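First comes the structure, then the notes that go with it.
Here, each number is a calculation from the coordinates, and none is a lab measurement. Keep in mind it's a predicted model, so treat the numbers as computed, not measured.
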Amino acid sequence: MKTLLSAIAAALLAAPALAAPTLESAQAAAEKSFQSLPALKLSFQKGARVQGALPGKIVTSPAKQKTSSTVHISGYVSFNGSGFVSHTPGYASLNVSGSANLCDSSGQVCSGYTTITTWANLFVNGDFVNDWVRPYVNVSFYKAGRYVGSAQLSGSVPVSGWVSGNWVHVSGSGYLSGSVLVTE
């Protein structure tokens with residue numbers, strides 16, 4: 001056994017020593033291995049899917065950009081209401097309301113039947129009333145059942161009516177219009 005160990009030790013001492021690699025030789029070897037790889041060319045097409053970027057992963061294009069457009073809205077509304085007048089001639093403040101479906105020209109962007117309510121300050125002189133109601137109201141709009149925005153609508157609607165005791169009753173109809181910024 002002693003002779004076997006002596007033989008191994010003698011062989012190790014007789015073998016040339018292996019030099020440890022230097023940092024420069026390691027960098028040179030790495031550069032040489034990267035230079036031997038084929039060149040990788042990438043090109044991207046807008047909206048295209050990139051497959052194989054990572055094994056087993058599919059990368060999809062970003063979400064669709066939202067677009068905005070201004071849509072003109074109008075609609076016909078019939079108002080009616082009542083209010084108190086303390087004396088004639090004089091002014092009566094009353095709440096008038098009506099319901100309307102206000103839409104764009106294509107009929108796709110609509111409010112649905114909504115109640116429009118506004119205050120009016122009307123001049124009463126005698127037994128009859130002829131004046132204008134000028135509503136300025138905020139209305140929500142929808143397209144295919146989805147909310148798309150709200151708009152301020154306004155108009156001048158003629159109303160007429162009569163006086164009964166100290167109460168004024170009026171009705172009238174006309175158009176309201178405005179614009180809504182629709183984001184899709």
Rounded to the nearest Å, the spacing of the alpha-carbon centers of the stretch 147-184 and the stretch 101-118 is 12
Contour excess over end-to-end distance, with Cα ends at S179 and S93 and 0.36 nm allotted per residue:
28.1 nm
Once S164 and T115 are pulled to full extension, the length gained, defined as 0.36 nm per residue separation minus their Cα-Cα distance, is 15.0 nm
Size-normalised alpha-carbon gyration radius of the stretch 109-175, reference 2.2 N^0.38 Å:
1.43
Under 8 Å for C-alpha pairs, at least 6 residues apart: give me the relative contact order for the stretch 68-183, rounded to a whole percent.
32
Treating every alpha carbon of the stretch 68-183 as one equal point scatterer without solvent, the Debye formula yields log10 I(q)/I(0) values at q = 0.10, 0.15 Å⁻¹ of -0.34, -0.64
